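A.B. asks: What follows is a structure written as structure tokens; I'll ask about it next.
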Amino acid sequence: ILPTVPVDFATLEKRAQAALPPHVLSYVQGGCGDEWTQDQNAAAFRHWGMVPRMMVDCTRRDLSTELFGLKLPSPVFMAPIGVTGIMTQDLHGDLAAAKASALTGVPLCASTLSNDPLEKVAAEQGDTPGFFQLYTPRNKELAESLVRRAEAAGYKAIIVTLDTWVTGWRPRDLNTANFPQLRGAVLMNYFSDPVFRSGLAKPPEQDPVAAIQAWAAVFGKVLTWDDMPWLRGMTKLPLVLKGICHPDDVRRAIDLGADGIYCSNHGGRQANGGIAAIDMLPGVVEAAGSTPVLFDSGIRSGTDVIKAVALGARAVGVGRPYSYGLALGGAEGAASVLRAILAEADLLMAVNGYPTLDAVRAAGAQRT
Ligand code: FNR
């Protein structure tokens, strides 16, 4: 069976580049500043290498992993991508991403910035467990309402993104005044929320401009460690903090009740000048001890996934690649990208003599 979209990232990106409208492309492909950190994220995988083991029966591989009591078929999940709606022509890219999750069994972390309400996204994920990513609004009541809705919709963890109380310096978007989130069509989690609606003079359907202004005023609470008791108390679901890269922050987060640490630099879209995320992973893993570490930023292939696992990640997020898959082929396109990444990871384990992820971790990866 031929894959729906190219199986290597370079060709995939080139094809998406040709297919996407310029404002969508610059939003998804672009990063911060001169994109040094974004480039480093992917390039840094090239200085980590693995050593194969021989005479190990790898006719069957087990890629499964345990996360928050869930048995997942592989360590791969779909990282939260806001404004995913615009990746498909019908503007329902969020539902297509959820469908790709259902098709592949790869969990989706649904973003707060969505063109379809989180309940509809959850319904499309079928039996595959999903996570909800929270951009914490300044209004605590609204934050609590979003979390309650995510719980009711069946999401299995709340992932709070810490690095985006304000959007980073993104020249591609700034030069063209391209801010897709301000077109309102991606604010459906807010527009459908009873707490958000109760603060408006007129419903968003009648006065979308006022609703967008209200959203801009409420987006992006500045979180500090003093907010952790509130965040922790908001939900009984596993609480994951996204954007943690410093070992001291890892220890503090765990002391204050985090169930998972998500090592990521937002794919180089928030702060330029930061070192590659994969280079920070070993320090995060060491500080986290038995607390699971999720990782993203720079994953482009199955080989990258296995390297991240070798460096201690319990779960590994794919970001831009599945967006390009959505752009080229909707749910099937994204599923095809995920299947290619999984197939490469599985085959790499087969030929490298690693039958399980524990074997991958035991083998480790070395800086070359
Ligand atoms: C993101 N990312 C992101 N993260 C998050 O917590 N909430 C969000 O809404 C978004 N939105 C978003 C949009 C787009 C277009 C991209 C590319 C990324 C960051 C995302 O979860 C992840 O950290 C990065 O995508 C990882 O980098 P790579 O591997 O995709 O380059």
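The values are calculated or read from the model by the stated rules, or taken from the named source; none is laboratory data. Source: prediction; values computed, not measured. FYI the Cβ positions are ideal-geometry reconstructions off the backbone, even for glycines, and counts take in every protein chain you see. Side chains are part of the model used for accessible areas, which takes the heavy atoms of the whole protein and leaves out ligands, DNA and RNA. Shrake-Rupley method; radii C 1.70, N 1.55, O 1.52, S 1.80 Å.
A.B. asks: What list of ³J(HN,Hα) values in whole Hz, one per residue of segment 341-357 in order, does the Karplus curve 6.51 cos²θ - 1.76 cosθ + 1.60 (θ = phi - 60°) give from phi, with Gly and Pro shown as x?
C.D. replies: 5, 5, 5, 5, 4, 5, 5, 4, 4, 4, 7, 8, x, 10, x, 9, 5
A.B. asks: Something else now. Between segment 178-225 and segment 122-174, what is the C-alpha centre distance in whole Å?
C.D. replies: 14
A.B. asks: Given a cut-off of 20 Å, name the pairs among Lys156/Lys221; Lys221/Lys242; Lys99/Lys140; Lys71/Lys156 whose C-alpha atoms lie farther apart than that in the structure shown. Can you show the working numbers first?
C.D. replies: Working: Lys156/Lys221 23 Å; Lys221/Lys242 15 Å; Lys99/Lys140 31 Å; Lys71/Lys156 12 Å.
Correct reply: Lys156/Lys221; Lys99/Lys140.
A.B. asks: Now for a different question. Please give the contour-minus-distance gain from Asp39 to Leu91: 0.36 nm per residue of separation, less the Cα-Cα distance, rounded to one decimal in nm.
C.D. replies: Roughly 15.9 nm would be gained on extension.
A.B. asks: Per 0.36 nm of contour for each residue apart, how much would the distance between Asn139 and Thr167 grow if the chain were fully extended, relative to their Cα-Cα spacing?
C.D. replies: Extra length available between Asn139 and Thr167 comes to 8.3 nm.
A.B. asks: For segment 10-71, which trypsin sites (Lys or Arg not before Pro) are both in a DSSP coil and crowded by at most 12 other Cβ atoms within 10 Å?
C.D. replies: The qualifying sites are Arg60.
A.B. asks: Here's a follow-up. So, by mean Cβ neighbours within 10 angstrom, what's the order for 296-305, 133-142 with the highest one leading?
C.D. replies: 296-305, 133-142
A.B. asks: Select from Ala98, Ala217, Ala334 the residue whose mean-square fluctuation is largest in a Gaussian network model of the chain (Cα-Cα springs shorter than 10 Å).
C.D. replies: Between Ala98, Ala217, Ala334, it is Ala217 that shows the largest mean-square fluctuation.
A.B. asks: Cut-off 10 angstrom, C-alpha nodes, Gaussian network model of the chain. Which of Lys120, Lys99, Lys242 fluctuates the most?
C.D. replies: Lys120
A.B. asks: Within segment 291-334, name every residue whose backbone N is under 17 Å away from a label modeled 7 Å from Cα of Arg232 along the Cβ vector.
C.D. replies: So the set is 291-292.
A.B. asks: For a quick check, take a GNM of the chain with Cα springs below 10 Å and name the residue from Ile275, Ile341, Ile244 with the largest mean-square fluctuation.
C.D. replies: Ile275
A.B. asks: Still on this structure, I have one more. Measure off, as a whole percent, the carbon and sulfur share of the 1.4 Å-probe accessible area of segment 1-128, all protein chains present.
C.D. replies: 55
A.B. asks: Per 0.36 nm of contour for each residue apart, how much would the distance between Ala177 and Asp248 grow if the chain were fully extended, relative to their Cα-Cα spacing?
C.D. replies: That pair, Ala177 and Asp248, stretches by 21.8 nm at full extension.
A.B. asks: How long, wide and thick is segment 256-330, going by the Cα atoms along their three principal axes, in whole angstroms, largest first?
C.D. replies: The Cα atoms of segment 256-330 stretch 41, 26, 24 Å along the principal axes, largest first.
A.B. asks: Return the FRET efficiency for the residue pair Leu256, Met55: r is the Cβ-Cβ distance, R0 is 45 Å, and the value is rounded to the nearest 0.05. Mind dumping the intermediate values first?
C.D. replies: On the way: r = 46 Å, r/R0 = 1.03.
Between Leu256 and Met55 the formula returns 0.45.
A.B. asks: What are the residues whose amide H is under 5 Å from the amide H of Val76, where those residues sit 5 or more places off or on another chain and H is modelled from the backbone?
C.D. replies: HN-HN under 5 Å from Val76: Val316.
A.B. asks: In addition: Determine ³J(HN,Hα), in whole Hz, for all residues of segment 175-187 in sequence, where each value follows from phi through the Karplus function 6.51 cos²θ - 1.76 cosθ + 1.60 and θ = phi - 60°; x replaces Gly and Pro.
C.D. replies: 5, 10, 6, 9, 10, x, 5, 7, 7, x, 5, 9, 9
A.B. asks: So, with +1 on the Cβ of K and R and -1 on the Cβ of D and E, and no other charges, what is the size of the charge dipole of the chain about its Cα centre, to the nearest 20 debye? Walk me through the intermediate numbers first.
C.D. replies: Details: 33 positive and 36 negative charges, 20 e Å.
Dipole magnitude for the chain comes out near 100 debye.
A.B. asks: Now for a different question. What residues have an amide H closer than 5 Å to that of Trp48, excluding those fewer than 5 places away on the same chain, when H is modeled at 1.01 Å from N in the peptide plane?
C.D. replies: Long-range HN contacts for Trp48: Thr368.
A.B. asks: Over all directions, what mean area does the Cα convex hull of the chain project, stated in square nanometres?
C.D. replies: 17.4
A.B. asks: Still on this structure: When you count, for each residue, the other Cβ atoms within 10 Å and take the mean per peptide, how do 169-181, 253-265 rank with the highest first? All intermediate terms of the calculation are to be shown ahead of the outcome.
C.D. replies: Working: 169-181: 15.3, 253-265: 22.2.
Ranking the peptides 169-181, 253-265 by packing returns 253-265, 169-181.
A.B. asks: Once amide H atoms are built 1.01 Å from N in the peptide plane, which residues 5 or more positions from Lys156, or in another chain, come under 5 Å H to H?
C.D. replies: Amide H neighbours of Lys156: Gly130, Phe131, Phe132.
A.B. asks: Per 5 Å bin, what percent of the C-alpha pairs of segment 97-227 does each bin hold, from zero upward?
C.D. replies: 2, 10, 19, 21, 19, 15, 10, 3, 0
A.B. asks: I'd like the Karplus ³J(HN,Hα) series for segment 156-161: coefficients 6.51, -1.76, 1.60, θ = phi - 60°, whole numbers in Hz, and an x wherever there's a Gly or Pro.
C.D. replies: 9, 7, 10, 10, 8, 7
A.B. asks: For segment 1-154, give the magnitude of the charge dipole about the Cα centre (Cβ charges: +1 Lys/Arg, -1 Asp/Glu; no others), in debye to the nearest 20.
C.D. replies: With only Lys, Arg, Asp and Glu charged at Cβ, the dipole is about 240 debye.
A.B. asks: If I model a spin label as a point 7 Å beyond the Cα along the Cα-Cβ vector, how far apart are those points for Ala362 and Val222 in nm?
C.D. replies: 5.0
A.B. asks: On the protein heavy atoms, probe 1.4 angstrom, tell me the percent of accessible surface of segment 143-285 carried by carbon and sulfur.
C.D. replies: Here carbon and sulfur together make up 58 percent of the probe-accessible area.
A.B. asks: Once the Cα atoms of segment 244-368 are picked out, what are the Rg and Dmax in Å?
C.D. replies: 15.2, 44
A.B. asks: If I take every Cα pair under 8 Å that is 6 or more residues apart in segment 29-166, average their sequence separation and divide by the length, what percent do I get for the relative contact order?
C.D. replies: Result for segment 29-166 is 16 percent.
A.B. asks: Something else now. Whole number in Å², please: accessible area per residue of segment 128-275, 1.4 Å probe, ligands, DNA and RNA not counted.
C.D. replies: Accessible surface, normalised per residue, equals 44 Å².
A.B. asks: So what's the back-of-envelope 222 nm ellipticity for the chain, counting only DSSP H runs of four-plus at -39500 (n - 2.57) apiece and dividing by all residues, rounded to 500?
C.D. replies: Rounded to the nearest 500, the figure is -13000 deg cm²/dmol.
A.B. asks: Can you give me the distance in nm between label points at Val351 and His47, each placed 7 Å from the Cα along the Cα-to-Cβ direction?
C.D. replies: 2.6
A.B. asks: Around Leu63, what is the net charge, scoring Lys/Arg as +1 and Asp/Glu as -1 over all other residues with Cβ under 15 Å from its Cβ?
C.D. replies: The answer is +1.
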